[in-house]
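Just below is one structure, and these are the notes that go with it.
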């Protein structure tokens, strides 16, 4: 009898560990990344990103505080391995300069909303010139490094403010053969990437990986999911407070803010997840 109770206890612990492992699947701290670019025109940033994606490089673009666009990609275990790849791309004339982003680096740490003011832009090529980026090797933003012991502290708020930086940008992600809902999941993945966290690629996998959050307990940075049912999720966005979320509506349209309880979305809301 004692042996049987002990066996049941062991099995329960094993099940708990299995569930925990399943919930953690696809979520990891991001390593070093490569950043390049100063594009005046978002279309040039989009074209350059597509060029990298065509080579199998999982890249994305974002707007910096100075109003120009940068492109970032990669998840390297150390700075040297990131530099080796960057130098190879320079040798292949795919890029002409780069910046290695640290794992603890947070690009946007200040709580500015969609109305943030642009600082003077970097020196950039004219719109009709080559689409290769031209910037110094050091980042002009001076990104903030977050101490390891405070990695999760306020990261939800930082993710929300980062999402707001994308508002107004016509966003395309995933190449020309993107599946339904991939642009929106690519957008939230890019935001989390800029916050130092790697999450799954598709909205369904993102939903499966995070921790369950009730609609009444939504906090900044949580992901909200929509679809006909849990097994038919086709849209995702980032909650930014006050019943609002930021999302990529459909291919080529601008990133925007919508209400979670807006009639269309309220009917299709299937749940929310937290990752920090």
Worksheet item: Does residue 225 fit the bill of being part of a helix (DSSP H, G or I) and farther than 19 Å from residue 62 by Cα?
Response: no
Discussion item. Please go through (1) touching a helix residue (DSSP H, G or I) at 6+ places or on another chain (Cβ under 6 Å); (2) at pLDDT 50 or above for residue 131 and return the number of the only condition it doesn't satisfy.
Written reply: (2)
Worksheet item: If you go through segment 237-260 one residue at a time, do you hit one that is more than 30 Å from residue 32 (Cβ to Cβ) and either under 12 Å from the mean Cα position of the chain (by Cα) or part of a helix (DSSP H, G or I) (or both)?
Response: no
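The values are calculated or read from the model by the stated rules, or taken from the named source; none is laboratory data. Here the structure is a predicted model, which means the values were calculated and not measured. Note: ideal-geometry Cβ built from the backbone for every residue, glycine included; neighbour counts use all protein chains shown.
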